[in-house]
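The structure appears below as structure tokens.
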Amino acid sequence: MAKITKEAALAYHSEGRPGKIEVVPTKPYQTQTDLSLAYSPGVAEPCLEIQKDQQNAYKYTDKGNLVAVISNGTAVLGLGDIGALSGKPVMEGKGLLFKIYGGIDVFDIEVNEKDPDKFIEAVKAIAPTFGGINLEDIKAPECFEIERRLKEELDIPVMHDDQHGTAIISAAGLLNALTVAGKNIEDVKIVVNGAGAAAISCTKLYVALGAKHSNIVMLDSKGVITDNRPNLTEQKREFATTRRDVHTLEEAIKGADVFLGLSKGNILTQDMVRSMAANPIVFALANPVPEITYEDAMAARPDVLMSTGRSDYPNQINNVIGFPYIFRGALDTAASAINEEMKLAAVRAIADLAKKPVPDVVNKIYHVNNFVFGRDYFIPKPVDPRLITDVSMAVAKAAIASGVARKTITDWDEYAAHLKRIIGQESKLTQQFYETARRNPQRVVFAEGAHPTMLKAAVEALNEGICHPILLGNDERIAKLAAELELSLDGIEVINLRHDREATRRERFAKILAEKRCREGFSFEEANDKMFERNYFGMMMVETGEADAFITGTYTKYSNTIKVAKEVVGIRPGFNHFGTMHILNSKKGTLFIADTLINRRPNTETLIDVARLSEHAVKFFNRTPVMAMISYSNFGSDKDGSPADVHEAVRILQEEDPNRAIDGEMQLNFALDRSLRDRKYPFTRLNGKDVNTLIFPNLSSANSTSKLIQYMAHDVEVIGPIQMGLNKPIHFTDFETSVRDVVTITAIAVIDAIVEKEKCANCNK
């Protein structure tokens with residue numbers, strides 16, 4: 001973990017626009033009509049509908065996706081009572097986490113009031129604005145009474161995350177740590193050091209999961225909390241022990257199975273850890289300095305199962321694993337509360353998730369080959385994209401089952417898809433690809449079977465149900481890699497194309513290729529040699545019908561792959577070139593960009609082919625193509641070089657089909673800004689139309705534009721490259737492609753194969 005300096009922290013919060021959050025409009029506001037609808041007079045109509053039925057606020061406003069993060073600043077992180085306004089950066093930060101992980105909007109509310117009664121009244125007065133309330137950084141014991149009363153007196157979800165968030169994540173971690181240790185929660189002896197809000201809430205949840213009061217010893221700053229101690233708070237009294245033989249942490253921890261620390265740093269010694277039972281579980285959650293360092297705990301006991309609140313050590317207890325998704329599930333069911341059933345559902349969903357294979361994106365972020373459930377990984381990582389579906393859905397189901405939901409979810413598959421779209425995991429377009437492919441999965445050959453990305457993608461594609469994978473490569477090497485990555489090869493065919501047992505097939509493929517290209521200098525011997533190469537062999541499988549689609553590119557240079565594709569499967573009749581397209585999905589819509597990979601310096605003829613292929617491709621994705629051919633000039637203003645080539649291509653394409661929605665050459669801003677284009681150049685065929693397809697004058701401009709957009713806008717989904725113009729479904733990736741990207745390309749290749757088969761079937765009728 002990088003060292004955070006004072007200077008860096010202050011610069012982060014102050015540079016550019018101060019703070020970390022902003023309000024962003026969600027409706028059009030460019031025209032007078034837009035503004036009249038947004039405010040006066042149009043805004044009166046939803047106001048009247050809400051007056052008729054208060055629940056309509058969920059329909060016409062952001063209430064159903066809006067949470068208040070509220071604090072009085074009396075217990076801010078480890079800083080203590082620093083005041084409401086001083087705690088605002090923390091509340092903004094909490095809002096940021098709500099948004100990026102759960103897609104939830106937040107107003108941070110800092111209330112300058114320490115009196116619990118007055119604070120409660122202030123929160124109640126503003127509660128109608130929100131769909132839920134997250135109480136934050138309020139000191140104990142006042143926080144208990146504040147939360148209890150607000151839960152009783154409000155009809156929206158209220159949760160004090162410092163209590164319950166920590167409790168939920170640590171409880172999930174405890175269940176899994178106990179599984180690794182081979183222990184039962186009913187039997188273990190638990191020592192809790194700390195008696196604040198988080199410690200009390202954690203312990204209550206452990207009891208709800210099966211821990212016995214008689215096996216729990218809790219300590220505060222005065223030592224072991226016993227039932228004969230005077231002046232105990234209600235919360236401490238619940239966990240006061242009847243034991244009289246323990247007074248200090250050193251005495252209490254002897255023979256204990258679990259240590260939970262929510263106190264202060266460096267109070268748990270190595271000798272104390274050594275005195276614990278076999279396979280001890282140590283949750284040292286004081287921040288930023290834990291009760292014992294990870295290094296000291298591991299040095300003391302190699303069998304220790306260790307968690308901290310820090311991101312630079314394994315098994316971080318991080319509230320962000322819970323609260324965005326708990327509120328997500330509560331908001332999506334319009335729940336009136338977050339109850340115990342919903343909390344327990346979150347605990348079990350988080351615990352179960354850690355036992356599942358970890359997505360490649362998580363491994364890459366943490367620079368490891370593979371996280372595997374066990375001593376060093378029993379809590380999901382905060383970046384795991386499955387948290388929003390697994391936890392939110394579990395909470396939503398619990399809300400419905402326990403009777404606090406005012407909205408029922410019936411289509412859980414659609415809800416899961418909706419959740420993925422919220423944080424940009426998948427767009428509707430991507431989901432359509434997967435759904436279409438699942439209906440008719442095809443045989444897909446993956447060229448580089450021994451590459452971790454390709455192997456993981458093949459396994460994931462099989463699990464998604466979108467194809468029947470075939471891996472090319474050394475079978476022993478692939479099996480070894482699969483074992484290292486803990487991946488099952490069940491249901492996946494592996495072909496060692498260079499093995500002697502494939503000699504007959506290589507010769508058959510060579511004969512077919514030599515006959516097909518005999519007038520291009522191909523001999524049988526040369527063709528047979530080429531069959532030892534992955535791309536030749538795999539493409540021949542598709543060419544001969546032994547497979548339906550082919551994915552390559554993780555290792556291979558594009559120039560070589562292009563050459564092989566032309567030789568083996570050839571270019572579609574009616575075209576002299578093929579190309580590739582990238583799809584860019586953003587909140588502003590979907591853009592199709594070509595040619596991003598194949599044709600480096602296209603002339604007029606090439607541009608015509610690329611435009612026609614793009615037109616077909618956009619229709620393939622069920623869109624109506626509206627195409628702009630891009631240059632640095634507009635409509636003949638520059639007569640030389642590439643603008644002239646583009647201009648001529650447009651002329652021919654328009655003559656070829658007078659109804660084709662294509663125009664140019666034009667600069668990119670005119671292509672994308674309809675009002676600017678229509679005002680300046682009203683004569684274009686694109687008048688009144690929004691462009692969705694951009695044809696660039698060369699490979700450099702197309703490729704660079706797609707990369708730039710991807711880099712500048714983190715919320716843009718990039719799909720591609722998508723092959724256009726080959727006779728068979730041959731599709732490409734590159735060495736930077738993620739596992740999920742390969743799976744998406746696989747889905748597109750499957751759809752391509754389905755369409756190809758339908759064409760052939762129609763031709764034979």
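The values are calculated or read from the model by the stated rules, or taken from the named source; none is laboratory data. All figures in this text were calculated on a predicted structure; none of them were measured in a lab. Glycine also receives a Cβ, built like all others from the backbone with ideal geometry; neighbour counts cover every protein chain displayed.
Residues in region 378-403 that are within 25 Å of A337 (Cα to Cα) and among the charged types (D, E, K, R) were compared, and the one that is nearest to the chain's Cα centre (by Cα) is R386. Scanning region 521-537 for residues that are of a type in the set (G, A, S) and over 17 Å from N560 (Cα atoms), we see that the one that is surrounded by the fewest Cβ atoms within 10 Å (Cβ to Cβ) is G521. Selection within region 228-247: residues that are more than 22 Å from E142 (Cα to Cα) and not basic (K, R). The member of this set that is surrounded by the most Cβ atoms within 10 Å (Cβ to Cβ) is T241.
The set of residues from region 606-646 being aliphatic (A, V, I, L, M) and either free of Cβ contacts under 8 Å to residues at least 24 places away in the same chain or assigned to a helix (DSSP H, G or I) (or both) comprises L607, I608, V610, A611, L613, A617, V618, A644, V646.
Condition first: on the phi > 0 side of the Ramachandran plot and either among the β-branched types (V, I, T) or at pLDDT 95 or above (or both). Now tell me which residues in region 243-296 satisfy that. Those that are on the phi > 0 side of the Ramachandran plot and either among the β-branched types (V, I, T) or at pLDDT 95 or above (or both): G255, N279. So, I492, is that one outside the structural domain of D390 (by TED's automatic domain parsing) and under 26 Å from E758 (Cβ atoms) or not? No; evaluated as a whole, the condition is false for this residue. Here region 611-637 is the region considered, the condition is being of a type in the set (D, E, K, R) and either within 20 Å of G574 (Cα to Cα) or not assigned by TED's automatic domain parsing to the domain that holds D690 (or both), and the residue that is surrounded by the fewest Cβ atoms within 10 Å (Cβ to Cβ) is K619. The residue of region 590-605 that is farthest from the chain's Cα centre (by Cα), among those that are assigned to a loop (DSSP other than H, G, I, E, B) and crowded, with 19+ Cβ neighbours inside 10 Å, is P602. The condition of being at pLDDT 90 or above and among the polar types (S, T, N, Q) holds for only one of T226, T233, that being T226. The single condition from (1) buried (at least 16 other Cβ atoms within 10 Å of the Cβ); (2) more than 30 Å from A549 (Cβ to Cβ); (3) at pLDDT below 85 that V718 fails is (2). Candidates are the residues of region 157-214 that are farther than 25 Å from N287 by Cα and of a type in the set (D, E); the one that is farthest from the chain's Cα centre (by Cα) is D187.
Residues that are in a helix (DSSP H, G or I) and either closer than 16 Å to G196 by Cα or of a type in the set (A, V, I, L, M, F, W, C) (or both) are absent from region 274-287 altogether. Scanning region 396-426 for residues that are among the acidic types (D, E) and buried (at least 18 other Cβ atoms within 10 Å of the Cβ) yields one hit, E426. Only a single criterion out of (1) modelled with pLDDT of 95 or more; (2) on the phi > 0 side of the Ramachandran plot is not satisfied by G465, namely (1).
Number of residues in region 12-29 that are more than 14 Å from D62 (Cβ to Cβ) and without any contact (Cβ under 8 Å) to a residue 40 or more places away in the chain equals 9. When G173, G165, G131, G182 are screened for being more than 25 Å from V395 (Cβ to Cβ) and in contact (Cβ under 8 Å) with a residue 24 or more places away in the chain, only G182 passes.
For region 521-557, the set of residues classified as closer than 19 Å to N474 by Cβ and part of a strand (DSSP E or B) consists of F550, I551, T552, listed by residue number.
In region 673-699, the qualifying residues are those that are out of contact with any strand residue (DSSP E or B) (no Cβ under 8 Å at 6 or more places or on another chain) and under 21 Å from E615 (Cα atoms), and the one that is surrounded by the most Cβ atoms within 10 Å (Cβ to Cβ) is N698.
The strands (runs of 3 or more DSSP E) located wholly in region 47-156 that include 1 or more residues which are hydroxyl-bearing (S, T, Y) and not assigned by TED's automatic domain parsing to the domain that holds N287 occupy 66-71. Against the test of being touching a Phe, Trp or Tyr at 6+ places or on another chain (Cβ under 7 Å) and buried (at least 20 other Cβ atoms within 10 Å of the Cβ), the options L219, L205, L178, L174 yield a single qualifying residue, L174.
Listed here are the residues, each with its yes/no results for (1) hydroxyl-bearing (S, T, Y); (2) in contact with a helix residue (DSSP H, G or I) (Cβ under 6 Å, 6 or more places away or on another chain); (3) at pLDDT 95 or above.
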| residue | (1), (2), (3) |
| --- | --- |
| D162 | no, yes, no |
| L174 | no, no, yes |
| H213 | no, no, no |
| E238 | no, no, no |
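Picking from residues in region 580-589 that are modelled with pLDDT of 85 or more and not hydrophobic (A, V, I, L, M, F, W, C), the one that is surrounded by the fewest Cβ atoms within 10 Å (Cβ to Cβ) is H582. With respect to the conditions (1) exposed (fewer than 10 other Cβ atoms within 10 Å of the Cβ); (2) over 21 Å from K59 (Cα atoms); (3) more than 28 Å from the chain's Cα centre (by Cα), P41 falls short on a single one, namely (2). Here A171 meets each of (1) assigned to a loop (DSSP other than H, G, I, E, B); (2) among the aliphatic types (A, V, I, L, M); (3) assigned by TED's automatic domain parsing to the domain that holds G261 with one exception, condition (1). Looking at K52, K6, just one residue is among the basic types (K, R) and either under 30 Å from T408 (Cα atoms) or touching a helix residue (DSSP H, G or I) at 6+ places or on another chain (Cβ under 8 Å) (or both), and that residue is K52. Criterion first (hydrophobic (A, V, I, L, M, F, W, C) and closer than 27 Å to G329 by Cα) does A461 satisfy it? Taking the combined requirement at face value, the residue does not satisfy it.
Residues of region 523-554 that are among the hydrophobic types (A, V, I, L, M, F, W, C) and touching a residue at least 24 places away in the same chain (Cβ under 8 Å): M531, F532, F537, M539, M540, M541, V542, A547, A549, F550, I551.
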